Amino acid sequence: MFFLAIGMWSLGTRSAHAGAWTREPGSFEVISTVSYHSGYVEFDDSGVRNDLVDFSKFESVFFIEYGILENWSAMARLVLQQVSVARGAMVDEAQGLGATELSLKRNLGQFKDWVFAAQGRISIPGDAENRLDLRLGEGNLEWEVRGLVGHSFALGNTRGFVDLQLARQFRIQPNADEWHLDMTIGYRPTATIMTMAQVFVLRGDEVQTLAARTLASTKVQGSLVWFFKPHHGIQLYAAKMIDGRNTIADRTIGIGYWFDF
């Protein structure tokens with residue numbers, strides 16, 4: 001179903017999560033993406049932009065969601081990346097696995113065209129983990145709880161959806177815990193085309209030590225998906241960081257392949 005095909009991604013953000021809809025038992029959805037990220041401006045601790053950074057990242061992501069039981073889905077997200085962050089003569093580089101994410105989602109109920117779900121996730125750091133408040137390759141286990149709300153709607157003979165997600169991410173001290181808000185609007189003007197507009201917001205708690213930094217970011221993204229045959233689609237997308245704190249104002253372009261069975 002179309003409304004199950006909004007597993008978002010990889011797409012280079014921290015919000016790599018499927019939508020509020022769960023899979024039918026025994027069915028899969030797979031999304032594989034390749035993206036390039038670059039940035040020459042970063043936001044400092046006060047949110048002021050400066051041009052003291054040269055950032056680049058190539059990223060390949062494999063995401064799968066599987067319906068394990070009625071109203072239950074399990075998800076996994078694997079990342080391979082090559083990252084470089086240069087500030088003057090200081091260069092930090094890493095290549096290998098990024099964080100591996102394992103999630104379990106439960107459909108809590110439906111009311112007319114609305115669906116409600118809850119999700120738990122664990123993130124396992126990799127050799128090339130690129131948390132921007134840590135050196136490349138550093139990282140710890142992280143946990144997240146997430147609430148999801150989805151709404152499908154009709155516009156004449158066309159269809160669309162809205163997906164809202166609010167999450168609390170727990171990190172090992174001294175790194176600050178975070179709030180995440182992900183918003184997606186999708187529209188299918190034809191049987192083979194889907195467009196999506198997304199906003200990803202991160203707000204970290206204020207840190208209480210000089211050994212950590214408070215993170216904040218707002219990223220916008222646009223996507224076009226062409227379903228060239230049943231159960232198969234090609235996605236093109238672009239994203240940009242428009243606001244932040246202690247993060248890089250990066251831009252992203254990418255391509256993805258979707259299929260379900």
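Any read-out appearing in this document is the output of simple, stated calculations on the displayed coordinates, not a laboratory observation. Keep in mind it's a predicted model, so treat the numbers as computed, not measured. Positions of Cβ are backbone-derived with ideal geometry, glycine not excepted, and every protein chain shown enters the neighbour counts.
Observations on the model:
- Once the GluC sites (Glu not before Pro) in DSSP loops with at most 11 neighbouring Cβ atoms within 10 Å are cut out of the chain, the longest remaining piece is 71-205.
- Exposure proxy ranking, count of Cβ atoms within 10 Å, fewest first, for LYS105, LYS57: LYS57, LYS105
- Label positions at VAL220 and TRP179, each projected 7 Å from the Cα along the C-beta direction, are separated by 2.2 nm.
- Between the entries (1) -0.37, -0.54, -0.63; (2) -0.23, -0.39, -0.48; (3) -0.43, -0.58, -0.63, the label attached to log10 I(q)/I(0) by the Debye sum over Cα atoms at q = 0.07, 0.09, 0.10 Å⁻¹ calculated for this structure is (2).
- Residues in region 229-247 that a label on ARG87 would reach, taking backbone N under 15 Å of a point 7 Å out along Cα→Cβ: 245-247
- Built amide H within the under 5 Å cut-off of LEU215, gap 5+: GLY204
- GNM flexibility winner over the chain from VAL41, VAL91, VAL79 (Cα, springs under 10 Å): VAL91
- Note on ARG49 and ASP205: the extension gain reaches 54.1 nm, defined as 0.36 nm multiplied by sequence separation minus the Cα-Cα distance.
- Backbone HN-Hα couplings from phi across region 94-102 [Karplus 6.51/-1.76/1.60, Hz, Gly and Pro as x]: 7, 9, x, 6, x, 5, 9, 10, 10
- Order of ASP45, ASP260, ASP54 under a 10 Å beta carbon neighbour criterion, fewest first: ASP45, ASP54, ASP260
- Proximal lysines to LYS240, defined as alpha-carbon separation beneath 23 angstrom and excluding residues fewer than eight positions away on the same chain: LYS57, LYS219
- Size of charge dipole - the chain - debye, nearest 20, with Cβ of Lys, Arg +1 and Asp, Glu -1, no other charges: 660 debye
- Residue order, fewest to most surrounding Cβ atoms within 10 angstrom, among ILE31, ILE234: ILE234, ILE31
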